[in-house]
């Protein structure tokens with residue numbers, strides 16, 4: 001009887017999927033492609049969320065300087081900034097599965113009409129693509145077809161002014177990032193030259209951006225990138241020039257941002273010792289318990305804990321990336337791992353994230369990626 005019971009139990013265990021089964025995610029790397037440099041375009045790797053192992057990245061699509069990447073909500077189309085035959089374009093690529101792994105196939109490309117884009121994103125319905133032009137100081141909006149093809153440019157908003165606090169960097173607008181609010185009603189654009197996050201109301205019926213307002217960081221901050229807290233009521237803006245993070249209360253009904261805290265990303269002593277240090281990327285942990293930012297030159301990731309009542313930050317640590325010039329990093333969807341891209345060291349270093357403390361631990365695993373400046377995980 002006991003033997004039969006054991007056999008039935010074993011059969012049930014074998015027949016049921018394991019809760020600890022590893023999941024493999026696609027990881028896409030956007031790069032810079034300097035003349036005579038190593039990179040040839042967009043690279044692809046697979047990431048095991050159980051072990052934290054990253055496969056050797058391979059070229060998935062050849063294109064000039066595909067610095068930033070974005071996924072369509074359907075997970076089947078990848079968009080990138082970059083150039084084709086020297087012309088700055090936004091490019092749509094279909095993700096194709098094959099015997100030799102994931103590859104990218106060109107759908108089409110569209111000229112921005114105001115220089116090259118520093119960042120791009122897709123609205124949550126998949127109807128519109130946005131781009132932020134650093135040199136042009138503008139935000140562009142493009143209509144998307146159902147299959148992800150880029151159609152007409154439906155709007156272009158030119159920013160104006162400049163805070164003038166930091167010479168040459170803030171004498172005119174420099175739009176640096178673009179993304180939607182959690183409810184998809186507003187589009188936010190941190191502008192490094194203005195010391196503001198420009199806010200537009202999103203009209204998907206007319207495919208237009210309507211002036212709405214702005215949130216301000218301290219003078220000379222130079223806002224670069226931003227992210228929302230999962231609660232939708234707090235915003236974290238990374239200030240590139242001041243090496244700081246400004247925390248905002250966000251009113252989702254009114255679409256307004258009110259600054260409540262600005263905290264350094266590195267100590268004053270560290271800043272004086274390092275040359276050309278600047279902030280690059282910011283991410284919020286899926287749990288909402290931690291925030292992370294990257295420091296170029298200083299070559300670290302700064303970890304903060306989040307007060308769950310008011311959203312304010314407290315420093316946890318500054319963790320070396322085991323590489324050079326971390327222009328970008330990302331957290332996998334499980335929240336267990338962080339991959340830091342070292343542009344000048346040609347590395348993608350993997351760190352584990354302590355789910356209780358938020359501390360980072362280098363896993364001793366690093367993959368070679370040519371001049372990486374964007375890390376993008378596929379949807380689970």
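The values are calculated or read from the model by the stated rules, or taken from the named source; none is laboratory data. Only a predicted model underlies this, so the values are computations on that prediction, with no experimental measurement involved. Here Cβ is always computed from backbone atoms with ideal geometry, including for glycine, and neighbour counts include all displayed protein chains.
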All but one of (1) modelled with pLDDT of 95 or more; (2) out of contact with any strand residue (DSSP E or B) (no Cβ under 6 Å at 6 or more places or on another chain) hold for residue 268; state the number of the condition that does not hold.
(1)
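Could you name every one of the strands (runs of 3 or more DSSP E) located completely within segment 221-319 that has at least 3 residues being within 15 Å of the chain's Cα centre (by Cα)?
Working: elements: 223-228, 234-239, 244-251, 256-264, 278-284, 290-296, 300-306.
Strands (runs of 3 or more DSSP E) meeting the threshold: 223-228, 234-239, 278-284, 290-296.
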Quickly run through segment 310-345 and pick out the residues that are in contact (Cβ under 8 Å) with a residue 60 or more places away in the chain, surrounded by fewer than 18 Cβ atoms within 10 Å (Cβ to Cβ) and more than 19 Å from residue 226 (Cα to Cα).
334, 336
Where a residue in segment 359-380 is without any contact (Cβ under 8 Å) to a residue 40 or more places away in the chain and at negative phi and its partner, wherever it lies, is assigned to a strand (DSSP E or B) and surrounded by fewer than 17 Cβ atoms within 10 Å (Cβ to Cβ), with Cβ under 7 Å and at least six apart:
361/352
Scanning segment 182-196 for residues that are touching a strand residue (DSSP E or B) at 6+ places or on another chain (Cβ under 7 Å) and surrounded by fewer than 24 Cβ atoms within 10 Å (Cβ to Cβ), the one nearest to residue 256 (Cα to Cα) turns out to be 186
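Might you let me know whether segment 296-316 holds any residue that is touching a helix residue (DSSP H, G or I) at 6+ places or on another chain (Cβ under 8 Å) and within 22 Å of residue 351 (Cα to Cα)?
Step one: filter segment 296-316 for residues touching a helix residue (DSSP H, G or I) at 6+ places or on another chain (Cβ under 8 Å), giving 298.
The next check asks that each one be within 22 Å of residue 351 (Cα to Cα); those that pass are 298.
Taking every residue of segment 296-316 in turn, at least one turns out to be touching a helix residue (DSSP H, G or I) at 6+ places or on another chain (Cβ under 8 Å) and within 22 Å of residue 351 (Cα to Cα).
Here's the yes/no breakdown for (1) in a strand (DSSP E or B); (2) in contact (Cβ under 8 Å) with a residue 40 or more places away in the chain; (3) more than 22 Å from the chain's Cα centre (by Cα):
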site	(1), (2), (3)
141	yes, yes, no
146	no, no, yes
193	no, yes, no
215	yes, yes, no
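Out of segment 268-286, which residues are more than 23 Å from residue 344 (Cβ to Cβ) and surrounded by 13 or more Cβ atoms within 10 Å (Cβ to Cβ)?
Of segment 268-286, the ones more than 23 Å from residue 344 (Cβ to Cβ) are 268-269, 284-286.
284, 285, 286, listed by residue number.
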Just to check your reading of the model, which residue among 299, 307, 354 is closer than 26 Å to residue 242 by Cα and free of Cβ contacts under 8 Å to residues at least 12 places away in the same chain?
307
Filtering segment 92-111 for residues that are at pLDDT below 95 and either surrounded by 14 or more Cβ atoms within 10 Å (Cβ to Cβ) or in contact with a helix residue (DSSP H, G or I) (Cβ under 7 Å, 6 or more places away or on another chain) (or both) leaves a count of 3
Somewhere in segment 132-145, is a residue more than 25 Å from residue 282 (Cβ to Cβ), loosely packed, with under 15 Cβ neighbours inside 10 Å and at pLDDT 95 or above?
yes
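Quick one: which residue in 168, 208, 157, 172 is farther than 21 Å from residue 251 by Cβ and at pLDDT below 95?
It is 168.
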Which numbered condition residue 4 misses (of (1) at pLDDT 65 or above; (2) not in a loop (DSSP other than H, G, I, E, B)):
(1)
Condition check for residue 151: surrounded by fewer than 24 Cβ atoms within 10 Å (Cβ to Cβ), in contact with a strand residue (DSSP E or B) (Cβ under 7 Å, 6 or more places away or on another chain), farther than 27 Å from residue 286 by Cβ and at pLDDT 95 or above
yes
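Of the residues in segment 38-91, how many are in a strand (DSSP E or B) and either in contact with a helix residue (DSSP H, G or I) (Cβ under 7 Å, 6 or more places away or on another chain) or closer than 17 Å to residue 331 by Cα (or both)? I'd like the intermediate steps shown before the answer.
Going residue by residue through segment 38-91, those that are in a strand (DSSP E or B) are 41-48, 54, 58-62, 64, 69-71, 77-80, 83-84, 87-91.
Pick out the ones that are also either in contact with a helix residue (DSSP H, G or I) (Cβ under 7 Å, 6 or more places away or on another chain) or closer than 17 Å to residue 331 by Cα (or both) and you get 44-48, 54, 69-71.
Of the residues in that region, 9 qualify.
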Scope segment 336-380; condition more than 20 Å from the chain's Cα centre (by Cα), within 22 Å of residue 291 (Cα to Cα) and assigned to a strand (DSSP E or B); matching residues
361, 362, 363
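Take the residues in segment 200-213 that are within 19 Å of residue 125 (Cα to Cα) and without any contact (Cβ under 8 Å) to a residue 60 or more places away in the chain, then tell me which one is nearest to the chain's Cα centre (by Cα). Give the derivation first.
So in segment 200-213, the residues within 19 Å of residue 125 (Cα to Cα) come out as 200-210.
Pick out the ones that are also without any contact (Cβ under 8 Å) to a residue 60 or more places away in the chain and you get 201, 203, 205-206, 210.
Working: 201: 22, 203: 24, 205: 27, 206: 27, 210: 24 Å.
So the residue we want is 201.
Scan segment 80-112 residue by residue and report those that are in contact (Cβ under 8 Å) with a residue 60 or more places away in the chain and within 16 Å of residue 43 (Cα to Cα). Break it down into steps so the answer makes sense when it comes.
Restricting attention to segment 80-112, the residues satisfying the condition of being in contact (Cβ under 8 Å) with a residue 60 or more places away in the chain are 90, 95, 102, 104.
95, 102, 104 - these are the residues of segment 80-112 that are in contact (Cβ under 8 Å) with a residue 60 or more places away in the chain and within 16 Å of residue 43 (Cα to Cα).
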